[in-house]
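Asker: Sharing a structure here in structure tokens format.
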Amino acid sequence: MTREARKPKTKPGAFKKRKRKPCLFCIEQTILDYKDAAFVKRFMTDRGKIAPRRLSGCCAEHQRMIAKAIKRARQIGTVPYVVD
């Protein structure tokens with residue numbers, strides 16, 4: 001009785017980590033203004049939610065800034081809370 005060699009479960013190199021895209025605000029040194037609705041909507045999903053860091057591509061510091069700007073824009077009414 002001989003044992004057969006096990007097959008590898010995954011191909012080698014199948015799960016390569018993607019290189020993170022650099023933070024937009026760190027590169028261009030721009031400041032997010034909550035009154036600029038078009039720019040704020042760039043960091044929201046199609047459902048009106050705040051986009052996570054992996055989608056927005058921002059660092060943690062600027063992701064917090066984005067969240068505050070979106071919440072302020074929602075309060076004054078330039079950006080909707082929920083999109084139907």
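Just so you know, all these numbers are worked out from the coordinates, no wet-lab data involved. Every value quoted in this text rests on a predicted model; they were computed, and no experiment measured them. Because the Cβ atoms are built from the backbone with ideal geometry, glycine has one as well, and the counts that use them run over all protein chains shown.
Asker: Quick one: longest stretch of the chain between exposed loop chymotrypsin sites (Phe, Trp or Tyr not before Pro), exposed meaning at most 16 other C-beta atoms within 10 Å and loop per DSSP?
Answerer: Values: sites that count: 15, 81.
Result for the longest clean stretch: 16-80.
Asker: To continue, here is another question. Which whole-Hz ³J(HN,Hα) couplings does the range 42-56 yield from phi under the Karplus relation 6.51 cos²θ - 1.76 cosθ + 1.60, θ = phi - 60°, glycine and proline marked x?
Answerer: The phi angles translate into 4, 9, 10, 7, 5, 8, x, 8, 6, 5, x, 4, 5, 8, 6 Hz.
Asker: Hey, another quick one. Would you grab the residues whose amide H sits under 5 Å from the one on residue 51? Only those 5+ places off in sequence or on another chain, please, with H modelled 1.01 Å from N.
Answerer: 44, 45
Asker: Give the cross-link partners of residue 41 among the aspartates and glutamates, using a straight C-alpha distance below 14 Å as the criterion and excluding same-chain residues fewer than 8 apart.
Answerer: By straight Cα distance, residue 41 reaches 33.
Asker: Moving on. Which pairs break 25 Å Cα to Cα here: 21/49; 17/68; 16/49?
Answerer: On the way: 21/49 21 Å; 17/68 30 Å; 16/49 29 Å.
17/68; 16/49, as the Cα separations exceed 25 Å there.
Asker: Using the basic label-point model (7 angstrom from Cα toward the beta carbon), what is the residue 45 to residue 72 distance in nanometres?
Answerer: Label at residue 45, label at residue 72, 2.5 nm between them.
Asker: Viscosity 0.692 mPa s, temperature 37 °C: give me the Stokes-Einstein translational D for the range 24-76 in µm²/s, with Rh taken as the Kirkwood radius over C-alpha pairs. Write out the running numbers ahead of the final one.
Answerer: Details: Rh = 11.1 Å.
In µm²/s, the coefficient rounds to 296.
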